[in-house]
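Only one structure is covered here, and it is reproduced in the block below.
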Amino acid sequence: MKKIIFFFTSLLFIFPFFLINAEANTIDSISISLEQQESSDMEKVRYILTMSDVEDLSSISSIKVNLFLYKYGSKAKKSTDNITKVYDTVTGTKDKIDNTYYAVYTLNNVLTNFDGYTLTCSMDVITSTTTLSSNPISYTINDTSTNDKIISMDASSVPSLEAAGVKYYDFNSNEEDVFRILADNGFNYIRVRIWNDPYYTDGDNKYGYGGGNCDLENCLAIGRRANKYGMKLLVDFQYSDFWADPGQQFLPKAWVGYTDSQIEDAIYDFTKDSLNYLLDNGIEVGMVQVGNETNNTMCGHSGDSTMEAVCNFFNAGSRAVREVYPNALVAVHFANPYKSSNYTWYASELNTYNVDYDVFGSSYYPYWHGTMENMASLLSTIARTYNKKIMLLETSYANCELNGDEARSDGYGNTIWTKTYTEEENSGTCDLGYDFTVEGQKSQMLELYETVFTDIYNGIGASYWEGCWISVNKSESTDADTKELENEPYWEEYGCGWASKYAHYYQSKYNLENGGCVIENEAFFDETGHPFDSLTAFKTIRDTDYASASLNTTGVLNGDFETLDGEGYADFSYFDINMTTGGTYQSKTDAYYSSSHALNFYGEAADTCNFTIEQNVSGISGSYDFYGYLMGGAYTNSEIKAYVTINGVTTYGNNVYMTGWSTDAADWVKASISFECEATDTVIVGISVNCPDAGAWGYLDNLTLESKETSFSNVLDNGDFETDYAATGWSFDSDILGSYPVADDEVNSTHALKWYSAETIEFDISQDVSGNSGSFTFSMEIRGGSTDTAYVYVIIDGVEYKSSNASFSTWNQFETLSVTFSQTSSQTVIVGLHVESNTSGTWGNADNAVLSMN
């Protein structure tokens, strides 16, 4: 490392350290502080160490400079140097003050030599009796990284665990700073919670509530270590003295009795003072949460009537963030996306009360919060409607199954035990796609982050909750109760368990007993601090280029009304529906265009069947068709139109007229409009219905947004069955009854698909043709005999469309079956042939499968 010390000619007083062995006089009062300055071209970085209350300069024997360089994917570099001169003035920066001296250290050619590295500097002032260490300062040199994915780990409990003796190791079994291990494995953010005052005071004694005793000093300590390895801090203000979540949002002790206005002021002051403290200590903060899992409750408030107060609390915190860290993102945080109507209401209330925030944050624990698909659709709707970023601020997954006393590695029970137990306890609300194993944990993370970055509109990342929190087990006993008893003193002294007995004095819901770790089977380290292979998932995530959903998402969310709410009805919360007073709408299954649900509308009195249904689809670009299908009363005076609103200007399509009751999709009318837009436009699509007659009624289904941009990159493979003289490239249904179809008959070239069975037969043969965009026809030539059913089909995002059934009118003549459809590049599209017969001796051939663009 190249190092140059500048000795400014304007510094009149230079004091060399000649008296290295001089006796120290009055050194206890010396205080030191380090600050950093960068040149405009970023080629020079200057550090100034201020030493105050130095009554005798000879008490200082030397000043040591410690430098550390870190860059993801590169070898870390360490260096030390010594400063031998100090000054009493630094022109333009530091004035002369009695008993105050300055050490100056400058690095040259920084940008040239260390572009992209995080540089950390600290200084030690060495006296004959002690060493005073300065605050470290971390600085990422010319941070031009294009990797804007947020890969975060909540590590709030780490300092308390380490104080109790926990050590962490890298994959080579070398003891290492856990924050270095996290950075090396792909993390670029560290989340840390802040509680206002997590302590019980008894006279001169102070006892922590546990859970990491997460006060401001804990946040600072973590921030310094995170920044050293190039990771930004995500600060989670919980505005409570202990755990804040949907079940508890207790006021800090110091705020009890405050009015709402006083709470607002207290939130602003506490947030601003805390962030200024971090800023003064050189901490780089990338995001700040103003509240934690605030499901309509915060600072002791709860209930619908208090959402205005809660939103005012949000704004008080946000205002402080903007003033101290203007470039940091401001996040709000809610839990349980399974309850989609709650989320859309939260987002609406935030908008109503003009909350200033950037990120709509959600917890997503698959044990309780429903499917990824539902979560992604819901959060995309909120992002597109209100133009917000989306982040999963908490998530986790178990790496092993625990049973009974097994679940008490430190003598204290766990939150998650076995997969079967979890599924039974949370039936209908959990989505556990992988086993509780290390590999399952890894697979869950890979899929989750792919969902965030490819399926969620404006999805920016996720934060794993406390993946370093392992048990502190000092007991050698095999009895769980004995282990708990012997480990309690450590949980109490260091706050490294879920809760200490002193939390009871804050809220009586916490029993007068200690609690250990309850999530060690969701961590990425074993009980000895060695990492599991699942930790490497985050390196893969960081190094993967995902196709962003931000500009590629097309289609109307829940446009077929098949995503249901918790009661089994179509979930209309994805839409903004405005109905005239007196009119009604509901989910019904007695008529629909496709699948099984539709929106039914009705107006008993005249001029009450009047409504609009719309959705914000901003972020798309190009040419599009938007349409929906309707069926209902034949009213000649009705106005039914599709429309699009682009940047506030609304354009309507042609009027269409319903023709009466029918369950045949062919009788439903199509309201449509075509338009073009840019990615920066605000785009809202909708259907407007105005049926003035009394008793007017109808059904609406299959709202669709379809790109008119065409692409045809995924063609059929082996449509003529000539490759290897077999059905290479095709997938066969696993439930085939009878003989498997093989290509061994010379028909319509050399080979064809053949089926035959002396008994019954049923099979599908298909191919995935996803990725295309436009209008297409899939066709196949069929012949046969004694076969009951044979048709070609296309399945688009799970919805099947069929051709007519083969007639088999002339046994030796082929007939062409076809189905025409439209698809976008983001949809999953399967084309295939279905054959089914209960007739003995059934046989047939299929050949010349063709996918063509119309």
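The values are calculated or read from the model by the stated rules, or taken from the named source; none is laboratory data. As the structure is a prediction and not an experimental result, all values here were calculated from the model. Don't worry about glycine lacking a Cβ; one is built from the backbone with ideal geometry, like all the others, and counts go over all protein chains shown. For the accessible areas, the whole protein counts, side chains as well, though only heavy atoms, and no ligand, DNA or RNA atoms are used. Shrake-Rupley method; radii C 1.70, N 1.55, O 1.52, S 1.80 Å.
Some notes on this structure:
- Flag for residue 190 being at pLDDT 95 or above and assigned to a strand (DSSP E or B): yes
- Residues located in region 32-60, provided they are more than 22 Å from residue 136 (Cβ to Cβ) and either surrounded by 17 or more Cβ atoms within 10 Å (Cβ to Cβ) or free of Cβ contacts under 8 Å to residues at least 40 places away in the same chain (or both): 40, 56, 58, 59
- Total residues in region 252-270, condition crowded, with 16+ Cβ neighbours inside 10 Å and closer than 18 Å to residue 289 by Cβ: 7
- Top-ranked residue of region 52-75 - restricted to ones that are in contact with a helix residue (DSSP H, G or I) (Cβ under 9 Å, 6 or more places away or on another chain) and at pLDDT 85 or above, ranked as nearest to residue 187 (Cα to Cα): 72
- Scanning region 190-213 for residues that are farther than 20 Å from residue 163 by Cβ and either touching a helix residue (DSSP H, G or I) at 6+ places or on another chain (Cβ under 8 Å) or among the small types (Gly, Ala, Ser) (or both) turns up 196, 203.
- Cβ-Cβ under 7 Å pairs, at least 6 apart or on other chains, region 232-247 side closer than 14 Å to residue 295 by Cβ, far side open to solvent by less than 10 Å² (accessible area, probe 1.4 Å) and assigned to a strand (DSSP E or B): 238/193; 238/194
- The set of residues in region 219-257 being more than 25 Å from the chain's Cα centre (by Cα) and either among the basic types (Lys, Arg) or under 22 Å from residue 343 (Cβ atoms) (or both) consists of 253 alone.
- Within region 297-311, the set of residues being at pLDDT 90 or above and open to solvent by less than 20 Å² (accessible area, probe 1.4 Å) comprises 298, 299, 309, 310, 311.
- For residue 820: the one exception among (1) touching a Gly at 6+ places or on another chain (Cβ under 8 Å); (2) assigned to a strand (DSSP E or B); (3) modelled with pLDDT under 85: (1)
- Note on region 579-653: enclosed strands (runs of 3 or more DSSP E) holding 2 or more residues that are of a type outside the set (Ser, Thr, Tyr) and farther than 21 Å from residue 560 by Cβ are 609-616, 639-646.
- Hits in region 427-484 - residues which are of a type in the set (Phe, Trp, Tyr), under 29 Å from residue 388 (Cβ atoms) and not in a strand (DSSP E or B): 449, 453, 457, 465
- Members of region 746-802 found to be open to solvent by 60 Å² or more (accessible area, probe 1.4 Å), more than 28 Å from residue 559 (Cα to Cα) and either part of a strand (DSSP E or B) or without any contact (Cβ under 8 Å) to a residue 40 or more places away in the chain (or both), listed by number: 746, 754, 756, 762
- Single residue of region 655-683 satisfying the filter (of a type in the set (D, E, K, R) and outside any loop (DSSP other than H, G, I, E, B)) that is farthest from residue 457 (Cα to Cα): 667
- Residue tally, condition in contact with a Cys (Cβ under 7 Å, 6 or more places away or on another chain) and either farther than 26 Å from residue 499 by Cα or hydrophobic (A, V, I, L, M, F, W, C) (or both), over region 411-446: 3
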